[in-house]
Structures are given as structure tokens and as C-alpha cells.
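To keep things clear, I will list the structure first and then write my remarks on it.
The values are calculated or read from the model by the stated rules, or taken from the named source; none is laboratory data. If you're wondering where the values come from, they're calculated on a predicted model, not measured in any experiment. All Cβ positions, even for glycine, are placed from backbone atoms using ideal geometry, and neighbour counts span all protein chains on display. For accessibility, only protein heavy atoms count, side chains too; no ligands or nucleic acids. Shrake-Rupley method; radii C 1.70, N 1.55, O 1.52, S 1.80 Å.
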Amino acid sequence: MLLITNNPKVREKVEGIPVQYEEIEYGEVLELVKRLIIEEKMVLLTHPLSGSIKPNETYYKSIVLSTKKSEAIDIESLDYIDQAIEVYQKFMKNKMRPNWTESVLEDFAFVDYYLIKDTLVRMHVS
């Protein structure tokens, strides 16, 4: 398993799984995951639109992939990530993300961390 994130709180606190932290935007996280699905033939283990926060409201996204590479591209994973990218682009086009204060960004980082931490517990990783 590999956790891809742009959330510094996830990088600092998650244990039991390799974490690839990138200082990139939410949409770039989705594009990175898509590239790993295509080039490395990885498979999504978490949905790229998990949580109830709209993509144009938060900066943070954490996604877990299987590192057990298959011989072919996982079409279901590719479909999910393509749909997530479309949703992200639609939301960003319709309403750009506000310029949040540092305390609000901390709250969003905590929500993303809590969601992925809870998911990892249910996956028996953490």
C-alpha cells in the first residue's frame, strides 16, 4: 500500500503505511494518482472523492493505492480517478476556493487526516 497526500498532518502522523507527501494542489494529487494507476498499474483502495468536503473548498486530499501491480491498467480505478478529476474541474470552474485563514486550513487538514486515519484503521493498517 501507498498513501499519496498533500496534507502535512497526514505526513506527520500516519504510521504503518508508506506515505508519499507532495506539496501540490488537490487537483495535482488526483493527476498524480492517475499517473500511478496508468504507469505503475496501481489500484485505488480508497475513493478519490471520499468525505463530504467539496474539492473547491479544501486544499487537502489523501488517497491510498495498492502497490501490488497488475499486468493491466485497472479500468475501474482509472474510471474513478477520471470522474474525480472531472468533478474537481467542474467545482473549480464554478466557484474558486476561498483564501482560507491558517486556522481554517488546519481544520481542513484535520478532517482529511481523520478520514484517512479512520479508513486505515478499518483496513487494519493503523
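Couple of notes before you dig in:
- Any hit, segment 97-109, residues being in a loop (DSSP other than H, G, I, E, B) and surrounded by 15 or more Cβ atoms within 10 Å (Cβ to Cβ): yes
- So residue 123, is it within 23 Å of residue 11 (Cβ to Cβ) and surrounded by 17 or more Cβ atoms within 10 Å (Cβ to Cβ): no
- Subset of segment 79-94 that is without any contact (Cβ under 8 Å) to a residue 60 or more places away in the chain and polar (S, T, N, Q) - its residue that is least open to solvent (accessible area, probe 1.4 Å): 83
- Criterion (within 18 Å of residue 45 (Cβ to Cβ), within 15 Å of the chain's Cα centre (by Cα) and either hydroxyl-bearing (Ser, Thr, Tyr) or at pLDDT 95 or above (or both)) met by exactly one of 114, 88: 114
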